[in-house]
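Nothing in this text is a laboratory measurement; each read-out follows from the coordinates by a stated rule. Keep in mind that what you see is a predicted model, and the values were worked out from it rather than measured. Cβ sites come from the backbone with ideal geometry, for glycine too, and all protein chains shown count toward neighbours.
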Amino acid sequence: MKILCVCGLGQGTSLILRINVETVLRQLGVQADVENTDVSSASSENPDLIVTSNELAQSLEGHASKIVIVNNYFDTNEIKTALEEHFNN
């Protein structure tokens, strides 16, 4: 499974999100290749899952990948809840 963590510029915030997503995936026992990138690069990639904010999800509307929305990239509880919802559906 490939997961992209997306922010506007693909550097600071998406890196923090990536670290937190990796932490949550370990807690859930899910194996995945997690990368971080900017929103324009994400539109040309084909991951299984994109984790991003609501604003950036609108920019990726119509993307073939499933998009998981997280409002607070620092909140591992919110990230865990969002990913659990995805994996349980």
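Matching residues to (1) surrounded by 14 or more Cβ atoms within 10 Å (Cβ to Cβ); (2) not basic (Lys, Arg):
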{"position": "7", "(1), (2)": "yes, yes"}
{"position": "26", "(1), (2)": "no, no"}
{"position": "31", "(1), (2)": "no, yes"}
{"position": "34", "(1), (2)": "yes, yes"}
{"position": "64", "(1), (2)": "no, yes"}
{"position": "69", "(1), (2)": "yes, yes"}
{"position": "81", "(1), (2)": "no, yes"}
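Within region 65-87, track down each residue that is outside any helix (DSSP H, G or I) and in contact with a helix residue (DSSP H, G or I) (Cβ under 6 Å, 6 or more places away or on another chain).
The answer is 67, 68, 69, 70, 72, 73.
Quick one: would you say residue 46 is touching a residue at least 12 places away in the same chain (Cβ under 8 Å), among the polar types (S, T, N, Q) and surrounded by 15 or more Cβ atoms within 10 Å (Cβ to Cβ)?
no
For region 25-62, which positions are in contact with a Ser or Thr (Cβ under 7 Å, 6 or more places away or on another chain) and among the hydroxyl-bearing types (Ser, Thr, Tyr)?
37 - this is the single residue of region 25-62 that is in contact with a Ser or Thr (Cβ under 7 Å, 6 or more places away or on another chain) and among the hydroxyl-bearing types (Ser, Thr, Tyr).
Every residue in region 5-64 that is closer than 19 Å to residue 86 by Cβ, in a helix (DSSP H, G or I) and of a type in the set (A, V, I, L, M, F, W, C), please.
17, 19, 21, 24, 25, 28, 42, 56, 57
Any idea which residue in region 39-69 is farthest from the chain's Cα centre (by Cα), counting only those that are closer than 16 Å to residue 16 by Cβ and of a type in the set (Ser, Thr, Tyr)?
53
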